[in-house]
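Trainee: Next up is a structure, given as structure tokens.
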Protein chains: 2
Amino acid sequence: MENTLVRDRLAQLRQRMAREGLSAYLAADADYHGSEYVGEHFKTRTFLSGFTGSAGVLLVLPETAGLWTDSRYWLQAERELAGTGIDLFRIGEKETPLLRQYLKDQLPEGGRLGFDGRTLSGAYCQELRKHWTGGTLCPELDLPGEFWADRPPLPHAPAFLLDESCTGRSASDKLTQLRQELAREKADVFLLTALDDLAWLFNLRGGDVAYNPVLLAYAAVTPERAMLFTERAKLSAELLASLESLGAEVLPYDGIYDFCGQIESGCRVLLDHRYVNERLCAGLTDRGAELLRRPNPTALWKSVKNETERENMRQVHRLDGVALTKWLYRVKKEVGKTPLTECSVGALADDLRREQGAIGPSFATIAGYGPHGAVVHYEATAETDVPLEPKGLLLLDSGGQYRRGTTDVTRTVALGPVTEEQRRHVTLVLRGMLDLAAAVFPAGTRAEQLEAIALLPLWSAGPDYGHGTGHGVGCFLCVHESPVTLRQQPRYGWDGVLRPGMVLSDEPGYYAAGSHGVRQENLLLVVPAEREGYLRFEHLTLAPFDRDAIDPLLLGQEGCRRLDAYHRRVYEALAEHLTAEEAAWLREATKPLEPEGDSR
Amino acid sequence: MENTLVRDRLAQLRQRMAREGLSAYLAADADYHGSEYVGEHFKTRTFLSGFTGSAGVLLVLPETAGLWTDSRYWLQAERELAGTGIDLFRIGEKETPLLRQYLKDQLPEGGRLGFDGRTLSGAYCQELRKHWTGGTLCPELDLPGEFWADRPPLPHAPAFLLDESCTGRSASDKLTQLRQELAREKADVFLLTALDDLAWLFNLRGGDVAYNPVLLAYAAVTPERAMLFTERAKLSAELLASLESLGAEVLPYDGIYDFCGQIESGCRVLLDHRYVNERLCAGLTDRGAELLRRPNPTALWKSVKNETERENMRQVHRLDGVALTKWLYRVKKEVGKTPLTECSVGALADDLRREQGAIGPSFATIAGYGPHGAVVHYEATAETDVPLEPKGLLLLDSGGQYRRGTTDVTRTVALGPVTEEQRRHVTLVLRGMLDLAAAVFPAGTRAEQLEAIALLPLWSAGPDYGHGTGHGVGCFLCVHESPVTLRQQPRYGWDGVLRPGMVLSDEPGYYAAGSHGVRQENLLLVVPAEREGYLRFEHLTLAPFDRDAIDPLLLGQEGCRRLDAYHRRVYEALAEHLTAEEAAWLREATKPLEPEGDSR
């Protein structure tokens, strides 16, 4: 059956492509800032193709069209692209050409590739240009925008000031540090378009992006001026006053393009072209500016939480632990008695967090029961939702945004009897998690030196989990915060050295496709160890691990001791904030696995 | 008091420097191949300065002279340089200029620096040239050789063939692989001057270098020719026949310089300029050759031991284990009853190895008692030797060269009562060693990802040990074999990926200056794990660890199990080769720490 809606839209696009003399048009679902979560206004690819997956680009040629996406989305894409005439290009399959190779092969010499340059990064287009030299990029063309009648508007949530009791540091202080960096780099302008760095720099937050409490805005900082390009109507009076006292100018959101259009030739512009979009980068290059392509210096500063932020993170993790403990108590008690589903327990987690003061979840809650637990980025929908039965494993990966911090925690819970294999996997994952968290290491140690500690128990048991062991986490900012990461991959903008104040997740997993999935995740704060010159981790996350799913023999004596010590902390921190019934349950749930005073 | 001998030699050198119009002369103790151990013939710096340390260079100017050496040798250099007029430059101290900076500062514009270009690598001189652009290098000048009357002759030990029961692979097969590599690199000549790679390639061994069973020789391989430049008189009849059947030509040792002097302009020469000396490199460059500076391809091939070599290594480690067990038995039994010293027990270890068939030690045996154990590269001499008392810790790091393999093992032994602190350190070091050896990891894992496993128990206890955790080991070749290494440092010529057949040492340590030193070292062989796609280590070394110095509680349940399993293997492998008395002792020494059948 033909998908007339999509075919009609592609026809309209092709009319306009012909008018502009384009050989092809490229569309992605992406905002103008490279954000992880993309608002409806920006979902051009979805609008044109009907494919709703969160990754994939659409290339439309006069006669044909192709969608490139990775294996996570192949099934969905096959279904959603049926009848559209769009070919599916399965990224990762041997015979699939890379998009840039396809451009080379299919576009005529001297061809023109159109796209909305605000939705692709300067770095992406630099790569494209390097490999496809036979034609021209035309980044000024938002063609779908011309006929997208019911396009959702740009988000317009109010933005607000975070005071120093939250941020621990004034925006003025941060600006001073930034200007010192500009002087060091001999840069005339710093262009900042990454929304979380911008929010951090100005001590502001917003609600324009799902899960990330940020504001749609651009910023430009020079030795004399600080400019914030955003819709003034969004700014609270308090925030406006604060910006004024900072000497910052508020200019229209689109004003950044005018500003960059007036940059003088030879002007040295510091920017991170992985985030700054192509329309800005190309515009600056056209004006003759010299681009200093560097990681945003703000990114690394932001990753090292100051004393106030550290204390705030501890505080919100107690609140979050209360919410999660209540959730565990409810789910363990009610399963098999009350009807529960993945969706209902996911919603319950979100609700319990809100009761503790969370503004909302820090990402889409993952509640995966049984085989769904093995789907790493599973998000239960009305179609996939399943009832929970009093057996097997439920994986809950969830987090909250609080005014003083961000949380992210995963627990794998036995809803009733579990198989020996499941117990083995839960235990080995937990063991790796606890082993890494217990590491003491000399200052100067790089994160990737430590990752194997978390992997080791799993490596003896079975395949690797195929995702990194950890990621940086913001403080009332993005739950996945660059540049900190705990994986064996090239880093960008970070030497990998763990510094006191950095926050990262510790989340090994094990996924048995079609059967069950296991992940155990705590957030860790890097803190000085007792010994001079050494560092260690502090568990920020405070919530019990399900003892019912653990094999103490396999966890080992040391693992048991680590778990018992952690559980002691959890109980002491949370009990007073629970009902008597919940506290009693928690006492049982955190009972030592190892008999007290027992020694080898 | 003036050191007239040295002053006289420097005066003779300066006369010749003036004759040659030199602004300075540089001397090092180094052979023409970059070998780790340097023969007496090559100790020019020692001859000129009187300083006998194993690291350091001497720079002589018309009026002054300086010796650069690192902190290990400062005390010794101060003593040995007294009265010579040579200034000591302490490498590592802030105010000490680098040699190349000193040349910049002290030599006149257009100055000439003389040296024997055979004793410095092409890479070293390339760096020197890059940083000191104000003058000329003159690498043709062995000035001390002109007046060194009693210079020891070049070594002239006989060389011999290793048959395929030792090498597992014919030289002809290796040459074929090498020529394929030459074709791949489009190289006309491969110049090989690293003595162990050369020995590996031609399946020959010699006795020209201390501890390393290699022959002084150069080699050049082209698609048609294979040339071995060495003294024909050293070659056994069998070896000559084998070289002939291989189509290899034997040419005089110095003939390599003639050969390179006839290379045609544009000729592509593959060489590793970290090993190929400057006289050769400069000569080739002067002739207009194109140098393809690469790690010797032979190095990585050599590092992956074939099936025969693996089995041979296992075999010699059983012999070596017998020797070391006899040593442990004797030392533990006799200490406090018979007079023992560091030197005597070191010699005993060497003797016991010879009884098991070793040709000699694989490096200078380190027997460090008490505070001497904390001196990482300690070598007992008549002056430093101390008697052993029935208390405290003795560290023995030793190894043997056998016709079928090379060993390297360290044990830290309690000679009687030890302090709680000593016991703690011994246990933590052993634990790290065993933890690393027990790792199972996916193929593709890099060595440096795993190093932290060995360090982890120590990191909680105290300072890092300041040396790498492990090094590659040859098969009847160098005990320190490039490029395999287990440390956080840039590698050269190796991607760091552990491959089945690689052999490396696992040797964490702990050094309490002025009190005691601990190191525990086994050699490990990388082998496939049971699980497809995974690898693990096999302990090659078979010798007991001293249970008397171990705290089972601190070793932990898992550590105890690992030690017990290892000790079971040791006893089973060695008992039948020991006297009844020794075997009975070994049974006690390898008794499980953990009661059988005990669980958790």
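Trainee: Sorted by accessible area (1.4 Å probe), largest first, how do B:THR167, A:THR96 line up?
Mentor: Ranked from most to least accessible, the order is A:THR96, B:THR167.
Trainee: Among all the lysines, which ones have a C-alpha under 26 Å from A:LYS104's C-alpha, if same-chain residues fewer than 8 places away are not counted?
Mentor: Answer for A:LYS104, where 26 Å is the Cα cut-off: A:LYS94, A:LYS130, listed by chain and number.
Trainee: Does anyone have the angle between helix B:342-355 and the longest principal axis of chain B? Alpha-carbon axes, 0 to 90°, nearest 10?
Mentor: Once rounded, one gets 90 degrees.
Trainee: Another question about this same structure. At A:GLY247, with labels set 7 Å past Cα in the Cβ direction, how many nm apart are the copies from this one, shortest first?
Mentor: In nanometres, ordered from closest: 7.9.
Trainee: How high is the relative contact order of chain A, in percent, counting Cα pairs under 8 Å that sit 6 or more residues apart?
Mentor: On the way: 1262 pairs, mean separation 63.7, N = 600.
Reported relative contact order: 11 percent.
Trainee: Could you state how much accessible area B:LEU201 has, in square angstrom rounded to the nearest 10, with a 1.4 Å probe and all protein chains kept in place?
Mentor: 0 Å²
Trainee: Shifting gears a bit: Rounded, prolate or oblate: which fits segment B:6-138 when a ≥ b ≥ c are the square roots of the eigenvalues of the alpha-carbon gyration tensor, with rounded for a/c under 1.5 and prolate only if a/b beats b/c?
Mentor: Because its axes are fairly even, with a/c under 1.5, segment B:6-138 counts as rounded.
Trainee: Can I ask one more? Can you grab the distance from the C-alpha centre of segment B:461-534 to the C-alpha centre of segment B:1-52, Å, no decimals?
Mentor: Each part's Cα centre sits 35 Å from the other's.
Trainee: Another question, then. Any idea of the total accessible area buried by the B-A contact, 1.4 Å probe, rounded to 100 Å²?
Mentor: By this definition, chains B and A bury close to 2600 Å².
Trainee: A follow-up question, please. Kindly give the distances from B:PRO158 to its copy-mates, label point to label point, with each label point 7 Å from Cα along Cα→Cβ, as nm values to one decimal ordered shortest first.
Mentor: Going from nearest to farthest copy, the values are 9.7 nm.
Trainee: Which percent of the accessible heavy-atom area of segment A:226-306 goes to carbon and sulfur, probe 1.4 angstrom?
Mentor: 50 percent
Trainee: Run the dipole for the protein assembly as shown about the Cα centre, Lys and Arg Cβ at +1, Asp and Glu Cβ at -1, nothing else charged, and hand back the magnitude in debye, nearest 20.
Mentor: Details: 134 positive and 170 negative charges, 39 e Å.
Charge dipole, the protein assembly as shown, about its Cα centre: 180 debye, nearest 20.
Trainee: Also: So the label point sits 7 Å from Cα along the Cα-to-Cβ vector; using that for A:GLU307, what distances do you get to the other copies, in nanometres, sorted shortest first?
Mentor: From this label point to the equivalent ones elsewhere in the assembly: 6.7 nm.
Trainee: Express the accessible area of chain A per residue in Å², computed with a 1.4 Å probe while the remaining protein chains stay in the model.
Mentor: 39 Å²
Trainee: Moving to a separate point now. Under 27 Å between alpha carbons, and skipping anything fewer than 8 positions from B:LYS332 in its own chain: which lysines qualify?
Mentor: Candidates past the 8-residue exclusion: B:LYS391, B:LYS591.
Trainee: Under 12 Å from the Cβ of B:GLN315, count the other residues' Cβ atoms, weight Lys and Arg +1, Asp and Glu -1, and hand me the total.
Mentor: Working: positive: B:ARG310, B:ARG314, B:ARG318, B:ARG403, B:ARG404; negative: B:GLU309, B:GLU311, B:ASP320.
Around B:GLN315, the charge tally is +2.
Trainee: Another question, then. Can you return the lysines within cross-link range of B:LYS305? Criterion is Cα-Cα under 21 Å, with same-chain partners fewer than 8 residues away left out.
Mentor: B:LYS174
Trainee: Separate question: Among residues other than A:ARG268 whose Cβ falls under 10 Å from its Cβ, what is the net charge (Lys/Arg +1, Asp/Glu -1)?
Mentor: Summing Lys/Arg as +1 and Asp/Glu as -1 gives -2.
Trainee: Can you tell me the 0 to 90 degree angle between the C-alpha axis of helix B:307-334 and the longest principal axis of chain B, rounded to 10?
Mentor: 60 degrees
Trainee: Go through segment B:550-586 and flag every residue whose accessible area shrinks by 20 Å² or more with all protein chains in place compared to the isolated chain (probe 1.4 Å).
Mentor: So the qualifying set is B:LEU553, B:GLN557, B:GLU558.
Trainee: With respect to the symmetry axis carrying chain A onto chain B, which residue of chain A exhibits the smallest Cβ distance to that axis, and what is the value in whole Å?
Mentor: A:GLN557, 2
Trainee: Heavy atoms only, probe 1.4 angstrom, no DNA, RNA or ligands counted: give me A:VAL386, B:VAL526 ranked by accessible area, highest first.
Mentor: Correct descending sequence by accessible area is A:VAL386, B:VAL526.
Trainee: Now a separate question. Which of the residues in segment A:445-464 lose at least 30 Å² of accessible area when you go from the chain alone to all protein chains together (probe 1.4 Å)?
Mentor: For segment A:445-464, once contacts with the other chains are taken into account, A:GLN449, A:ALA452, A:ILE453, A:LEU456, A:TRP459, A:SER460 lose 30 Å² or more.
Trainee: Here's something else I'd like to know. In debye, nearest 20: dipole of chain B around its Cα centre with unit charges on the Cβ of K, R (+) and D, E (-)?
Mentor: 620 debye
Trainee: At 1.4 Å probe size, what's the solvent-accessible area of A:ILE366? Round to the nearest 10 Å².
Mentor: The accessible area of A:ILE366 comes to roughly 20 Å².
Trainee: With runs of 4+ DSSP H residues as the only contributors, calculate the mean residue ellipticity of chain B at 222 nm using -39,500 (n - 2.57) per run, divided by the residue total and rounded to the nearest 500.
Mentor: After summing the helix terms and dividing by the residues of chain B, the value is -11000 deg cm²/dmol.
Trainee: Heavy-atom accessible area of B:ASP435 with all protein chains present, probe 1.4 Å, nearest 10 Å²?
Mentor: Ignoring ligands and nucleic acids, B:ASP435 comes out at about 30 Å².
Trainee: I want the local charge near B:LEU328. Using Cβ-Cβ distances under 10 Å, sum +1 for each Lys or Arg and -1 for each Asp or Glu among the other residues.
Mentor: Values: positive: B:LYS326, B:ARG330, B:LYS332, B:LYS333, B:ARG411; negative: B:ASP546, B:GLU582.
Within the 10 Å Cβ shell, the charges total +3.
Trainee: Also, I was wondering about something else. Taking a 1.4 Å probe, which of A:ASP495, A:ASP408 shows the most accessible area, and what order do the others take after it?
Mentor: Ranked list, largest accessible area first: A:ASP495, A:ASP408.
Trainee: Defining a contact as two alpha carbons under 8 Å apart and six or more residues distant in sequence, what relative contact order in percent does segment A:274-369 show? All intermediate terms of the calculation are to be shown ahead of the outcome.
Mentor: Details: 37 pairs, mean separation 22.1, N = 96.
Computed value for segment A:274-369: 23 percent relative contact order.
Trainee: Oh, and also: In whole percent, how big is the carbon plus sulfur part of the accessible area of segment B:369-491, probe 1.4 Å, protein atoms only?
Mentor: Summing carbon and sulfur atoms, their accessible area is 53 percent of the total for segment B:369-491.
Trainee: Please sort A:579-588, A:50-59 by packing, taking for each peptide the average over its residues of neighbouring beta carbons within 10 angstrom, highest first.
Mentor: A:50-59, A:579-588
Trainee: Using only Cα atoms, tell me the angle between helix B:171-185 and the longest principal axis of chain B; keep it within 0 to 90° and round to the nearest 10.
Mentor: The angle comes out near 60 degrees.
Trainee: Kindly identify residues of segment B:499-540 having a loss of at least 20 Å² in accessible area between the isolated chain and the assembly of all protein chains, probe radius 1.4 Å.
Mentor: For segment B:499-540, once contacts with the other chains are taken into account, B:ARG531, B:TYR534 lose 20 Å² or more.
Trainee: Remind me, relative contact order of segment A:29-129 in percent, using alpha carbon pairs under 8 angstrom and six or more residues apart? Let's see the in-between values first.
Mentor: Details: 104 pairs, mean separation 26.1, N = 101.
Relative CO of segment A:29-129 lands at 26 percent.
Trainee: Can you tell me the FRET efficiency between B:LYS104 and B:ARG7 if r is taken as the Cβ-Cβ distance and R0 is 22 Å, rounded to the nearest 0.05?
Mentor: Values: r = 27 Å, r/R0 = 1.24.
Working from the Cβ atoms, E equals 0.20.
The values are calculated or read from the model by the stated rules, or taken from the named source; none is laboratory data. Treat the numbers as computed from the prediction; the structure is a model and nothing was measured. Methodologically, a virtual Cβ is constructed for each residue, glycine included, from the backbone with ideal geometry; neighbour enumeration extends over all protein chains shown. For accessibility, only protein heavy atoms count, side chains too; no ligands or nucleic acids. Shrake-Rupley method; radii C 1.70, N 1.55, O 1.52, S 1.80 Å.
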